[in-house]
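Here the structure comes first, spelled out in structure tokens, and everything after it is commentary.
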Amino acid sequence: MTFDSVLARIERVEGWLTDAQAHRLYETAAALAPPARIVEIGSYRGRSAIVFAHAAAEGVEVVAIDPHAGNDRGPQQFRGTPAEGDADNAAFLANLERAGAAARVAHVRLPSQDALAAIEGEIEVLYVDGAHRYRPASADIARWGERVAPGGTMLIHDSFSAIGVTAAIVRHLVWSGDFAYAGRTGSLAAYRRTAPRGRARAGSAVRQLAQLPWFARNLLVKVALVLRLRSGDWPY
């Protein structure tokens, strides 16, 4: 299926994945050959899962992990109710069905760290868009990142945008000996598991640190939006 066709299928699906970021997910998934595996952490109402399902070739496994517990649902929505989580889950399933993606996505309705035991083996593409607070983001990057296969890709949403996610990146990835920074599309950062050494490792670190002014700009925009000093969209 072409990207334009996929884009049409997610047009009315709620979420914070931009069209440009969806295209990056699409291209990453389309490059895989079976029996590869894609795992996403944080599905909300299915926007990214639908992209992966229609971009990946038959035989490529797509797993969506989201407890749909009502909390960590989006910007400034750290706490919620079970009823909100159930509504998200119902919308997620309905959106997958409507988009013709239900049969291609295996949903694990568990918190990401509890889901580690439910999925065995390596992962070729890991998409991290779970809770954005530091501790859960750090755990997702560290523990799920260990499962990414050599040469595989880790994509992290809200990189250099959310404070907790960015702090986790600084801790685990800026000077990583396992992952090399491969650029970003808005706040969607890409990393390749290539075990960088020497200049490659230093270059990866420098390229990430160069994103910090953009991170500072995003924080200022968010403060201005919260204080209603400006109008516009949350930066992604």
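The values are calculated or read from the model by the stated rules, or taken from the named source; none is laboratory data. Model, not experiment: these values are computed from the prediction. Methodologically, a virtual Cβ is constructed for each residue, glycine included, from the backbone with ideal geometry; neighbour enumeration extends over all protein chains shown.
Tabulated values for the structure
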{"item": "Any hit, region 38-54, residues being at pLDDT 95 or above and surrounded by fewer than 20 Cβ atoms within 10 Å (Cβ to Cβ)", "result": "no"}
{"item": "Residue list for region 203-236, filter: basic (K, R) and either assigned to a helix (DSSP H, G or I) or under 11 Å from A162 (Cα atoms) (or both)", "result": "R207, R217, K222"}
{"item": "Exclusive hit being in contact with a Lys or Arg (Cβ under 8 Å, 6 or more places away or on another chain), among the hydroxyl-bearing types (S, T, Y), crowded, with 18+ Cβ neighbours inside 10 Å and more than 16 Å from T28 (Cβ to Cβ), set S176, S161", "result": "S176"}
{"item": "Single unsatisfied condition, S159 versus (1) over 11 Å from the mean Cα position of the chain (by Cα); (2) in contact (Cβ under 8 Å) with a residue 40 or more places away in the chain", "result": "(1)"}
{"item": "Failed item, numbered, when P196 is tested on (1) in contact with a Ser or Thr (Cβ under 7 Å, 6 or more places away or on another chain); (2) under 20 Å from S48 (Cβ atoms)", "result": "(2)"}
{"item": "G164, sole failed condition from (1) of a type outside the set (K, R); (2) touching a helix residue (DSSP H, G or I) at 6+ places or on another chain (Cβ under 8 Å); (3) under 18 Å from T18 (Cα atoms)", "result": "(3)"}
{"item": "Yes/no for L209 being surrounded by fewer than 16 Cβ atoms within 10 Å (Cβ to Cβ) and either within 19 Å of T18 (Cα to Cα) or touching a residue at least 24 places away in the same chain (Cβ under 8 Å) (or both)", "result": "yes"}
{"item": "Which numbered condition I169 fails, given (1) part of a helix (DSSP H, G or I); (2) more than 22 Å from A64 (Cβ to Cβ); (3) over 15 Å from the mean Cα position of the chain (by Cα)", "result": "(3)"}
{"item": "Tally, over region 55-95, of residues that are over 16 Å from H157 (Cα atoms), modelled with pLDDT of 95 or more, surrounded by 16 or more Cβ atoms within 10 Å (Cβ to Cβ) and among the hydrophobic types (A, V, I, L, M, F, W, C)", "result": "8"}
{"item": "Test for L188: is it under 18 Å from W16 (Cβ atoms), of a type outside the set (F, W, Y) and crowded, with 16+ Cβ neighbours inside 10 Å", "result": "yes"}
{"item": "Looking only at region 108-120, and only at residues there that are among the small types (G, A, S) and at pLDDT 95 or above, the one that is surrounded by the most Cβ atoms within 10 Å (Cβ to Cβ)", "result": "S112"}
{"item": "Among (1) touching a residue at least 40 places away in the same chain (Cβ under 8 Å); (2) over 14 Å from E40 (Cα atoms); (3) outside any loop (DSSP other than H, G, I, E, B), the one test that E124 misses", "result": "(2)"}
